[in-house]
1. Among the listed residues 203, 191, identify the single one that is part of a loop (DSSP other than H, G, I, E, B) and in contact with a strand residue (DSSP E or B) (Cβ under 9 Å, 6 or more places away or on another chain).
2. What are the residues in region 73-100 that are closer than 23 Å to residue 52 by Cβ and surrounded by fewer than 16 Cβ atoms within 10 Å (Cβ to Cβ), if any?
3. Within region 291-301, is there a residue that is closer than 30 Å to residue 265 by Cβ and in a loop (DSSP other than H, G, I, E, B)?
4. Please state which of the following conditions residue 344 fails to meet, knowing it meets all the rest: (1) buried (at least 18 other Cβ atoms within 10 Å of the Cβ); (2) under 29 Å from residue 465 (Cβ atoms); (3) in contact with a strand residue (DSSP E or B) (Cβ under 8 Å, 6 or more places away or on another chain).
5. Within region 416-452, work out how many residues are touching a helix residue (DSSP H, G or I) at 6+ places or on another chain (Cβ under 9 Å) and in a helix (DSSP H, G or I).
6. How many residues does region 397-433 contain that are buried (at least 17 other Cβ atoms within 10 Å of the Cβ) and without any contact (Cβ under 8 Å) to a residue 12 or more places away in the chain?
7. Please indicate, with yes or no, whether at least one residue in region 204-211 is crowded, with 18+ Cβ neighbours inside 10 Å, modelled with pLDDT of 95 or more, more than 27 Å from residue 258 (Cα to Cα) and within 38 Å of the chain's Cα centre (by Cα).
């Protein structure tokens with residue numbers, strides 16, 4: 001991946017699917033753009049579109065989407081529950097991979113200028129892009145909504161950062177800016193009463209509510225400003241509404257820093273406040289896509305509350321988060337579509353995405369890859385899986401309480417190593433294929449001969465370094481496997497040793513791959529360094545394997 005940016009524009013149309021389909025088609029018509037999610041809301045009359053792509057093409061995709069929305073959405077006729085001020089109401093850039101927020105600031109201004117100049121839409125820079133303090137927060141820019149725009153612009157105090165200072169009745173105005181990953185999150189209540197939802201929102205939002213005396217009168221300071229009672233959640237904007245389509249009210253939130261205020265924290269605090277008002281939380285709804293870490297944080301939090309171990313497969317942690325937060329309550333929540341990293345990733349790797357039978361069939365064909373290197377890495381993943389399994393079978397079991405923390409730590413690390421080993425299954429085959437491609441490069445001219453030699457040298461080093469990475473991981477996993485073998489659940493002693501044995505098998509296979517590939521490398525210093533490390537690692541692994549086999553034979 002290069003410099004990948006995510007954009008989450010909000011369009012003021014959530015009822016006419018043909019309009020949204022046209023906007024989405026305009027965005028995805030740009031090569032290199034991946035449409036990740038389209039989330040339409042009928043009552044809010046608003047759609048959140050999530051797409052991502054390389055920085056080189058992201059501005060063009062955004063422009064096409066905004067242009068199409070300005071052609072198809074007439075703000076003078078638009079109504080809906082959600083606050084709004086433009087056909088494209090807000091257009092945020094979010095740095096996703098290989099790009100900084102500062103680089104995204106340049107992209108946001110490029111889009112703002114292009115839209116302002118070519119489409120005649122007033123553009124206001126917000127969030128990290130804001131040039132004025134009173135434009136950092138979107139609610140401040142949107143104050144009075146669409147209906148107030150004409151007078152605000154005429155007054156001269158609301159001049160746009162880009163585009164004409166003229167009211168555009170059809171398209172309205174658009175806020176463009178760079179922000180961190182924002183979670184748009186709604187929590188469902190067992191009531192139709194919007195007032196209860198709004199009251200909870202005032203209590204939990206960071207801004208809080210006006211402080212009142214015993215008679216209910218707002219208390220003001222010496223300057224006549226209302227004294228605020230801070231809300232219970234930092235980095236939280238919140239409101240309350242009733243959605244007729246659902247038949248219940250929601251506390252609707254923007255969580256602006258999920259590492260500080262995550263889904264689980266917001267969910268639990270709202271649940272506490274709901275009980276105080278005689279209602280309960282029935283579930284929740286994520287708008288658009290969620291980052292993987294936000295769900296992992298929530299899943300681990302609820303597992304720990306249940307006294308469960310968190311050293312389990314990632315998909316199980318995510319599943320626990322979905323269940324605990326009730327994310328399926330409003331509509332089905334499919335992590336492969338709704339988690340941004342999974343949606344970007346698409347299908348699994350060419351090898352690790354295969355069924356077991358298909359992988360073995362591919363392995364047993366007449367192609368040279370996948371081969372021993374990929375199988376060695378797979379053996380390492382099996383070792384890590386078994387090690388984590390025994391640790392999980394030990395955690396929380398009677399008589400093994402002193403080992404709980406150790407087993408938890410091992411299971412978590414083993415899961416991480418499992419993922420690394422699996423990535424090396426793919427890496428080994430890719431490295432071999434790249435080596436073959438280098439051998440097939442043309443060699444007719446001196447330049448071609450030189451380029452081919454350099455490519456072969458680089459590829460030869462890579463097909464050596466990939467199994468070296470496997471060998472290094474084997475050295476780590478065999479230590480973890482030894483610990484669970486000696487301190488873990490005795491009923492799983494044979495399983496623990498199979499984990500040790502798989503680590504040894506993976507190590508031997510990786511070592512022999514290193515040895516057979518090294519003669520192709522011309523760099524003698526590189527060769528000597530790799531050999532010293534590889535010899536040391538395989539000797540240590542072999543000694544541990546032999547010692548533990550003797551131990552298990554005596555104790556099983």
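1. Working: 203 fails: part of a loop (DSSP other than H, G, I, E, B).
191 is the lone residue from the list that is part of a loop (DSSP other than H, G, I, E, B) and in contact with a strand residue (DSSP E or B) (Cβ under 9 Å, 6 or more places away or on another chain).
2. Answer for region 73-100, where residues must be closer than 23 Å to residue 52 by Cβ and surrounded by fewer than 16 Cβ atoms within 10 Å (Cβ to Cβ): 97, 98, 100.
3. Checked against the condition, which is being closer than 30 Å to residue 265 by Cβ and in a loop (DSSP other than H, G, I, E, B), region 291-301 yields at least one hit.
4. (1)
5. 24
6. Final tally of qualifying residues: 1.
7. Looking for residues that are crowded, with 18+ Cβ neighbours inside 10 Å, modelled with pLDDT of 95 or more, more than 27 Å from residue 258 (Cα to Cα) and within 38 Å of the chain's Cα centre (by Cα), one finds none in region 204-211, hence no.
Each row is one residue, and each column tells you yes or no for (1) more than 35 Å from the chain's Cα centre (by Cα); (2) surrounded by 16 or more Cβ atoms within 10 Å (Cβ to Cβ); (3) under 22 Å from residue 384 (Cα atoms); (4) free of Cβ contacts under 8 Å to residues at least 12 places away in the same chain.
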residue: 451; (1), (2), (3), (4): yes, no, no, yes
residue: 454; (1), (2), (3), (4): yes, no, no, yes
residue: 463; (1), (2), (3), (4): no, yes, no, no
residue: 470; (1), (2), (3), (4): no, yes, yes, no
residue: 474; (1), (2), (3), (4): no, yes, yes, no
residue: 483; (1), (2), (3), (4): no, yes, yes, no
residue: 491; (1), (2), (3), (4): yes, no, yes, no
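The values are calculated or read from the model by the stated rules, or taken from the named source; none is laboratory data. From a predicted model like this one, the values you see are computed outputs, not experimental measurements. Note that each Cβ is placed from the backbone with ideal geometry, even for glycine, and that neighbours are counted across all protein chains shown.
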